[in-house]
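Step one of this worksheet: look at the structure below.
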Amino acid sequence: EVSKDLMLSKLSVLKDQFTENYNPDIKVRVDRIKRLQLLVEENMDSFHKALQSDFGSRHEQMSLLSDTLPVINNAKDALKNIHKWMKPEKRKPNFPLGLLGAKAYIQFQPYGVVGIISPWNFPLILSIAPLVEVLAAGNNAMMKLSEFVPATSELTEELISKYFNEKEVVVINGGPKTSQEFSSLPFDHLLFTGSSNIGAKVMQSASKNLVPVTLELGGKSPVIIGRSAQLDLAGTRLTFGKLLNGGQLCLSPDYVVVPNELEEQLI
């Protein structure tokens, strides 16, 4: 486990850096995104081996499809759009200010230090992929990775510390106690991906410091089969969706709603 005092000291370094440069220009943001892209591209084989080690039976192509390539594509998309994202948006000034020559616009600004708590089922796309957006928006980040994929989490920590300095991005690895204390830190924003019951606890912890949260939580995924459905195709897609990543997927179908007369045929 990592002590709360140590996490607070690391958070303090990140906050001090943000105070010094509270709205990084586009060069700084692009540089950080490119480094993150390189981090994955230059260490793909290592990531795939770590994922295989953690999962026990995860094919390299599965990790390529679900974790490493999506992160790279996320970085490329951010680099393509960041100029547009950073531009102020024009608005009409309230009457009579417009008559007096006033102009109105929305100026986008970073939050500050963003916390990221990620689960184990897709260790990279649910940690490094959101980090792309966090950095694109000009924030610094502190990440708590899952203890259920130790090889991948340790490799990620090692590589983040190699490609970034402690004033930009910090990775925390530890067990449930560390996760609990991590969610109570005074971030400027907090992202959490996981179960609904843990999400409620994270939100409760974050509220003590009035930290705004973004939660991506588990739930039920119903499939509705209509009378005009192609049942062979529907069955193939259902099976694929249910078995992908061992069923550990936010879109994994949980139950099917089907007309009575098609039930046996679908099965």
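Tabulated data for the structure shown
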{"read-out": "Residue within segment 62-81 that is open to solvent by 50 Å² or more (accessible area, probe 1.4 Å), out of contact with any strand residue (DSSP E or B) (no Cβ under 6 Å at 6 or more places or on another chain) and part of a loop (DSSP other than H, G, I, E, B) present", "value": "no"}
{"read-out": "Candidate set from segment 11-53 (those that are open to solvent by less than 50 Å² (accessible area, probe 1.4 Å) and outside any helix (DSSP H, G or I)); member that is nearest to Ala75 (Cα to Cα)", "value": "Asn43"}
{"read-out": "Residues of segment 226-238 that turn out to be among the aliphatic types (A, V, I, L, M) and either touching a helix residue (DSSP H, G or I) at 6+ places or on another chain (Cβ under 6 Å) or exposed (fewer than 10 other Cβ atoms within 10 Å of the Cβ) (or both), as a count", "value": "2"}
{"read-out": "First in segment 68-93 and within 17 Å of Arg29 (Cα to Cα) and aromatic (Phe, Trp, Tyr), second anywhere and modelled with pLDDT of 95 or more and surrounded by 10 or more Cβ atoms within 10 Å (Cβ to Cβ), Cβ under 9 Å, 6 or more apart", "value": "Trp85/Ala78; Trp85/Ala136; Trp85/Ala137"}
{"read-out": "Exclusive hit being in contact (Cβ under 8 Å) with a residue 24 or more places away in the chain and surrounded by fewer than 19 Cβ atoms within 10 Å (Cβ to Cβ), set Gly138, Gly241, Gly175", "value": "Gly175"}
{"read-out": "Residue in segment 194-207 that is in contact with an Asp or Glu (Cβ under 8 Å, 6 or more places away or on another chain) and open to solvent by 60 Å² or more (accessible area, probe 1.4 Å) present", "value": "no"}
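The values are calculated or read from the model by the stated rules, or taken from the named source; none is laboratory data. Treat the numbers as computed from the prediction; the structure is a model and nothing was measured. FYI the Cβ positions are ideal-geometry reconstructions off the backbone, even for glycines, and counts take in every protein chain you see. We work out accessible area using only protein heavy atoms, side chains counted, and drop any ligands, DNA or RNA first. Shrake-Rupley method; radii C 1.70, N 1.55, O 1.52, S 1.80 Å.
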